[in-house]
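The values are calculated or read from the model by the stated rules, or taken from the named source; none is laboratory data. Computed from a prediction, not measured in an experiment: that's the story for all the values here. For neighbour counting, all protein chains shown are included, and Cβ atoms are generated from backbone atoms with ideal geometry for every residue, glycine included.
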Amino acid sequence: MQMPPIAGHEALRARFLEAITAAKLPQTLLFEGPRGVGKQRLALWLGQALLCEGSPAPAPCGRCEGCRMVGALSHPDLHWFVPVELSKKGADADKQIELVEEALGEVMAARREDPFYEAPAGLAAHGMASARLLLRQLSLRPARGSRAVFILGDAERLAAQKGQEGAANAVLKALEEPPPTAVIILTTSEPDALLPTILSRTVRVRVGRVPDSVVTSFVQQHLASRVGGTAEITRKVQAADGAIGAIIADSGAGSSGAAAADRLLQAARRGPAARYGAALAQPPYQARGAFTAMLDALLERLRDEARDGGDTRAVMAAMTRVLEARELAQGNVNPQLLTAVLSEDLAGRP
């Protein structure tokens with residue numbers, strides 16, 4: 001299945017086409033803006049423009065083999081890195097790179113099947129193995145033409161916490177000395193989470209929200225079967241506030257995880273009886289799946305609190321507890337017990 005057509009951002013696209021025509025497109029770009037406004041979709045469009053084979057003008061014709069391959073996420077010179085969560089820990093460096101390559105292949109296969117993808121899981125990240133794979137692919141000559149395009153989505157997941165800057169520094173090396181055949185595009189909704197040295201070595205491009213009319217048209221053409229009737233479309237477009245991705249997330253599998261996360265937060269505040277009720281409501285087995293989706297959504301809720309200026313110490317402590325629960329959920333641990341402990345930890349938050 002082809003990726004859906006890009007919606008909105010006409011002024012930015014015109015600027016990029018002018019830069020390509022004048023051979024002045026920067027090699028390293030950072031698309032920053034609110035979540036769900038289409039930063040990675042814009043990066044894919046730019047990649048398609050750069051890899052288009054069918055038009056003398058620097059605009060993706062949509063008909064040539066290069067355009068079709070980009071749209072199908074199968075072009076050998078388009079490298080889309082997204083945060084991944086590896087199933088095996090402790091493998092050697094080469095094996096870790098293989099695991100990342102396999103995980104990315106699985107993500108791209110899933111997006112070819114359903115291009116309306118949701119945010120990556122809460123523990124997914126760009127680890128050192130992802131950075132090494134990026135450097136390895138940068139060292140190769142383009143397979144079809146004169147250049148290759150590298151997209152690093154959700155770049156804030158570069159695990160750049162204190163003492164864990166290895167992946168971020170490896171990416172920084174690529175940004176400092178990119179090969180002449182490469183265009184590297186990072187996207188982020190949290191630019192302040194990136195290393196200052198990464199910010200200084202990219203051309204920062206603000207990607208804003210799209211008009212409600214554009215969101216409505218996109219939903220009517222591509223998401224109507226998921227969203228509902230006219231009244232529901234209007235309600236969700238208003239709530240999305242110019243972010244098509246918000247509607248996709250609200251209509252996909254992640255919406256049930258978000259609802260479960262909200263219920264757990266409410267139960268944690270209401271008292272012991274509500275907390276124990278929330279724990280008993282969890283199925284006692286199969287900690288993965290819906291349970292981990294709830295934990296991922298809970299982590300996103302806490303990240304939102306941190307961005308909105310909540311009690312930093314309390315929010316960070318709560319995030320640590322959720323991450324610990326997420327790790328334990330990968331093993332043979334009873335979700336009811338995990339929920340009971342986690343709800344007690346969350347109860348002390350303001």
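Exactly one residue among I233, I185 is β-branched (V, I, T), modelled with pLDDT of 95 or more and surrounded by 13 or more Cβ atoms within 10 Å (Cβ to Cβ), and that residue is I185. For region 189-203, the set of residues classified as assigned to a helix (DSSP H, G or I), in contact with a helix residue (DSSP H, G or I) (Cβ under 8 Å, 6 or more places away or on another chain), at pLDDT 90 or above and farther than 14 Å from K39 by Cβ consists of T197, I198, L199, listed by residue number.
The requirement of being outside the structural domain of N334 (by TED's automatic domain parsing), assigned to a helix (DSSP H, G or I) and modelled with pLDDT of 75 or more is satisfied by G245.
Screening the candidates L44, L25, L29, L17 for the property of being over 14 Å from V183 (Cα atoms) and surrounded by 17 or more Cβ atoms within 10 Å (Cβ to Cβ) yields one hit, L17.
Among the candidates A57, A109, A143, the residue that is more than 28 Å from M319 (Cβ to Cβ) and touching a Pro at 6+ places or on another chain (Cβ under 6 Å) is uniquely A143. Evaluating L44 against the criteria (1) among the hydrophobic types (A, V, I, L, M, F, W, C); (2) in a helix (DSSP H, G or I); (3) out of contact with any strand residue (DSSP E or B) (no Cβ under 9 Å at 6 or more places or on another chain) leaves one unmet condition, (3). Residues in region 97-125 that are at pLDDT 90 or above and touching a Leu at 6+ places or on another chain (Cβ under 7 Å): I97, L99, V100, E101, A103, M108, R111, R112. Examine region 300-314 for a residue that is more than 22 Å from P191 (Cα to Cα), modelled with pLDDT of 70 or more and either in the same structural domain as L86 (by TED's automatic domain parsing) or of a type in the set (K, R) (or both), and state whether such a residue exists. Scanning region 300-314, I find no residue that is more than 22 Å from P191 (Cα to Cα), modelled with pLDDT of 70 or more and either in the same structural domain as L86 (by TED's automatic domain parsing) or of a type in the set (K, R) (or both), so the answer is no.
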